[in-house]
Amino acid sequence: MTKTVPPALQKMGLDSPMALVLHLPMRYEDETELLSIAEALELGRFRSVQTQGVVIRNQVLFRPRRQLVVSIEDAGEVLQLRFLNFYPSQQKQMAVGAHVRVRGEIREGFQGPEMVHPTVRALAPDAPLPKSLTPVYPASAGVTQTVLRKAISSALKDPNIHDLLVEFLPSKLLAELLPSHQWPNLEAAITLLHQPPADADTQTLLDRTHLAWRRVQFEELLAQQISLKRAHSIRQKRRAPEIVKATESGSKKSIESGLLKVLPFKLTSAQDRVWDEIGHDLSRGFPMNRLLQGDVGSGKTVIAALAAARAIDNGYQAAIMAPTEILAEQHFLKMQEWFEPLGVKVVWLSGSLKAKEKRLAQDLVESSEAQLIVGTHALIQESVHFAKLGLAVIDEQHRFGVRQRMEIQQRIGSELLYCHQMMMSATPIPRTLAMTYYADLDVSVIDELPPGRKPITTKVLKASRRNEVIDGVKEWLAKGLQAYWVCPLIEESEALQLQTAIESAEQLTLALPNFKVGLVHGRMKSDEKAAVMAAFKANEIQLLVATTVIEVGVDVPNAALMVIEHAERFGYAQIHQLRGRVGRGSADSVCILMYAEPLSQAAKERLQTLREVSDGFVIAERDLSLRGPGELLGARQSGDAMLRFVDLQRDAWLIELAQQAAERLLAEYPDLVEKQLARWLGSRAEFLKA
Ligand code: ADP
Ligand code: MG
C-alpha cells in the first residue's frame, strides 16, 4: 500500500487511491501559452492570459481600503496587479526586482488596465512552460492545488489502481450500445483527464465533451440508472396496505362517498383521471410513489382528501404534510370542514404547538384515534409514532429537500408495512430530471382547471402610480370583494421586510377608512396568523397585507385582486404561486405587479412574460432554463447530488444510453452491477431511494 493520505485530504473524502483517482479536475488552466505584456493587454480582456515581467513597484495603498498594488514591466510595457486581500509572503514574493509569471484577466481599473488577484509564481523568464493543460481540482479550504496534484499523481501510480479501474463493461455491450464511438477504456479516460497529453483537444477537455469525459459521464449515469432500477424493484417487493374502494351496504356508507357528497363541486375529468391512477396504485399492495402535478389552483387538495378518505375507509391513518405552517393550517381547516361531519378525527400537529398540546396530538397519533393527521414536518419527528399509517401526502414536495423526503420514508415506513406516498407539486419536472433523479416516481398530471375560472388579468405598473392603485383597491372593496396586498421580499433583512409590511398596513388603513385592513407576516405566532387568516376568510378583514407567507396554498375565493409591491424582486415561480391565490372565485381576477425603477433587463423580461403568460408549465420552463435543475432538487443538496461529472442539460443524450446499458447489465451481467455501484456511488446511493 502507498503512504497514508494527508488528513486534510481525508477530510475531503479523499481517503484512498481510488477516491483520489476519481477526484477529477473541475476545470483546466491553459498555461501552455505565454504572452508578452503588450499582447496580454490586447488579448486578455475576455479570457484569462499568462504573461510575465519584472516587479518595478510594490506598494500598500489605503485608498479606499488596504490593498497591495504591484507593477510589472517587460519590454517597456507595464501591467498593474491589484490584491484586495494579501499575505506578507505575497508582498515578499513580489518584491521590486523579482521576476514573476502571472495569469488572470485584464480589466479596466481606475488607473488603466490591471489584473485583479492574478495567480502569481516566482519563475525565471526562461522557466519552461507546461506542455499540456494544468488540471484544477475541487478543493476545500487549506488544501492547495499542489498538494492535490501530487496526491493524485501518486495515486495514479499506485500498484492497485490498474485493478481498481479495470474495465467491467463487456466490450460486446459497449460496442452494441455505442457502435459509432471509439470510447477510451476507463483507465485511459481517467488518466487522460488528470494528465492531458500535449495534443489533447483543449476545447473539448474544457467544456467536458471530450470522449474521456463522455466515458466517465456515461459510467456515472450508468451507476445511477442501475441504482434507480434497483430502488424500483426494491419498492415493488415491499409490502404496503391494499387500499381499495370500500363496499357499501345499507346504512353503512363509506367516508369516500360521504366526502364526494359534501363537496360543493364535481371533479373535473382531469381530476377523475388522476384519482383513478392513484386509486389503482393504492390497491396494489406495494408502496405507491407518485407525484401529482398540476398548476396552481388545479385542485390537487381534493385528490389528497379522496385518497385519505379511502385509506381511512380501509382502517388506516392518513397524513398530510406541508412545508409551511400557514399552508398546513389551510389544509387542516379544509380537512376539518370536509371530514369532521363524516365522523373522522382530524388532528393538527406542528412545531409551534405547546409541549402539552403536542404530546396530546402525538398520543392520538400513536393510539390510532387520530385518523387524519395534518401538519408541518413536525409529522416526521422522532417522537411521532403512527399506529397504522397507510398514506402520506406531501404537498409542495419540491420545498422539501431530498434528505427530508428520505426521512419521511424512514420515519413513517416500517419494515413490515410501508405506507403509500403521494407528492403534490405545481412545478413540472423537466424530462432530464424525470429520467434521472426522479425516475422511480410515477407522475399524474391535472392538466385542466376547474370550470368557471376567470383568467387572471395581470397588469404591470410603475410604483409611482401607487396612489392610483390604492384608489382602485378602494373601488374594488366597495363592490364587496376582498384583496391581497403583498409586501416586498427583502432578502437582506427580515426586520426591514417586516417594517415595510407594517408601514404599508398603516398607510392602507388610513387610506381605506371604511374597510378593515389586516396584516400577516412570518414573525407572527401561528395562532395569531391563523386568527388573521380566519378573519380574512370570514370577510371580517377585507384587505390582507401580507409578506410572502401567503405564497402557497392559501384559498379565499372572494379575494380576487392582488397587488404585489416591488414585483421586480420576485422570481417567476413566486409570482406565479402568489397570483394563483386569486382567480379562484367567480369574480374577474386581477393581479397588479408594481415595480420600482430602474428595472434590470432580466426583471423587465420576467414581468412581461408574467403579464402575457398564465400557464404555469410554460413559466416553470422559462424559470428552469434560467436557474437549472438544482432548484428543483432542493437548492442545497444539488451540491452533493450524485452526478458529479454530468450536466443534465448538456449530457441529456447520454441518459438514454445509460438507461439501455443498465437494463442489459441487470438482465445479463448481474454480477457486475454491485461493482459498478460501489465504484461510482458509494454512500451517495442512498439519495436515490428518496
Ligand atoms: P391546488 O392544486 O393549487 O392545490 P386547490 O386544491 O387549492 O388547488 O384548489 C383550488 C380551488 O379550486 C379550491 O377552492 C378548490 O375547492 C377548488 N376546486 C377544486 N376542484 C374543483 C372542481 N372540480 N370544481 C370546482 N372547484 C374546484
Ligand atoms: Mg395546493
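Read-outs: derived from the displayed coordinates by stated rules, not from any lab. Because the structure is predicted, anything quoted here is derived from the model rather than measured. Positions of Cβ are generated from backbone atoms using ideal geometry, with glycine treated the same way; all protein chains shown enter the neighbour counts.
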Taking the Cα-to-Cβ direction at Glu77 and at Asn467 and moving 7 Å from each Cα, how far apart do the two end points lie in nm? 6.0 nm
Per-peptide average of other Cβ atoms within 10 Å, ordering 271-279, 322-330 highest first: 322-330, 271-279
Could you list, in their original order, any pairs among Lys252/Lys345; Lys11/Lys92; Lys261/Lys358; Lys356/Lys525; Lys354/Lys388 whose Cα atoms are separated by more than 28 Å? Lys11/Lys92; Lys261/Lys358
Subtract the Cα-Cα distance of Lys11 and Asp199 from 0.36 nm times their separation in residues, and report this length gain in nm to one decimal. 64.2 nm
Nearest 5 percent is fine: what portion of the DSSP beta bridges confined to the chain is antiparallel? 35 percent
Jot down the radius of gyration and Dmax of the stretch 165-257, Cα atoms only, both in angstrom. 25.0, 85
Lysines whose Cα lies under 28 Å from that of Lys229, excluding same-chain neighbours fewer than 8 positions away: Lys172, Lys237, Lys675, Lys689
Translational diffusion of the stretch 456-613, µm² s⁻¹ [Kirkwood Rh, Cα pairs; Stokes-Einstein; 10 °C; 1.306 mPa s]: 102 µm²/s
Treat the count of other C-beta atoms within 10 Å as a stand-in for reagent exposure and order Val78, Val545, Val55 from fewest to most. Val78, Val55, Val545
How much length would be gained if the chain were fully extended between Glu105 and Phe46, taking 0.36 nm per residue of separation minus their Cα-Cα distance, in nm to one decimal? 20.6 nm
Taking every DSSP bridge whose two residues both lie in the stretch 47-115, the antiparallel percent to the nearest 5 is 90 percent
Between Arg611 and Asn85, what is the label-to-label distance in nm when each label sits 7 Å out along the Cα-to-Cβ direction? 4.3 nm
Share of pairwise Cα separations in the chain, more than 42 Å, in percent: 44 percent
For the Glu382, Thr119 Cβ pair and Förster radius 41 Å, calculated FRET efficiency rounded to 0.05 is 0.25
Take Asn160 and Glu366, extend 7 Å from each Cα along the Cα→Cβ direction, and tell me the distance between the two endpoints in nm. 4.7 nm
Theoretical FRET efficiency, 1/(1+(r/R0)^6), r = Cβ-Cβ of Thr509 and Ala678, R0 56 Å, to 0.05: 0.30
Please list, in order, the residues from the stretch 330-357 whose amide nitrogen is less than 19 Å from a point placed 7 Å along the Cα→Cβ vector of Phe265. 330-339
How big is the convex hull of the Cα atoms of the stretch 255-446, per residue, in Å³? 114 Å³
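Given charges of +1 on the Cβ of Lys and Arg and -1 on the Cβ of Asp and Glu, with all other atoms neutral, how large is the dipole of the stretch 255-446 about its Cα centre, in debye to the nearest 20?
Charge dipole, the stretch 255-446, about its Cα centre: 140 debye, nearest 20.
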Do you know the relative contact order of the stretch 255-446, to the nearest whole percent, from alpha carbon pairs under 8 angstrom that are 6+ apart? 33 percent
How do Phe570, Phe168 line up, fewest other C-beta atoms within 10 Å first? Phe168, Phe570
Mean separation of Cα contacts under 8 Å, 6 or more apart, over the residue count of the stretch 298-393: relative contact order %: 41 percent
FRET efficiency for Leu416 and His232, Cβ-Cβ distance as r, R0 = 22 Å, nearest 0.05? 0.60
Scoring the chain by relative contact order with C-alpha pairs under 8 Å, at least six apart, yields a percentage of 13 percent
Provide the packing ranking of 280-289, 194-203, 493-502, i.e. peptides ordered by the mean count of other C-beta atoms within 10 Å per residue, highest first. 280-289, 493-502, 194-203
Roughly speaking, what is the stretch gain from Ala38 to Lys525, that is 0.36 nm per residue apart minus the C-alpha to C-alpha distance, in nm to one decimal? 168.9 nm
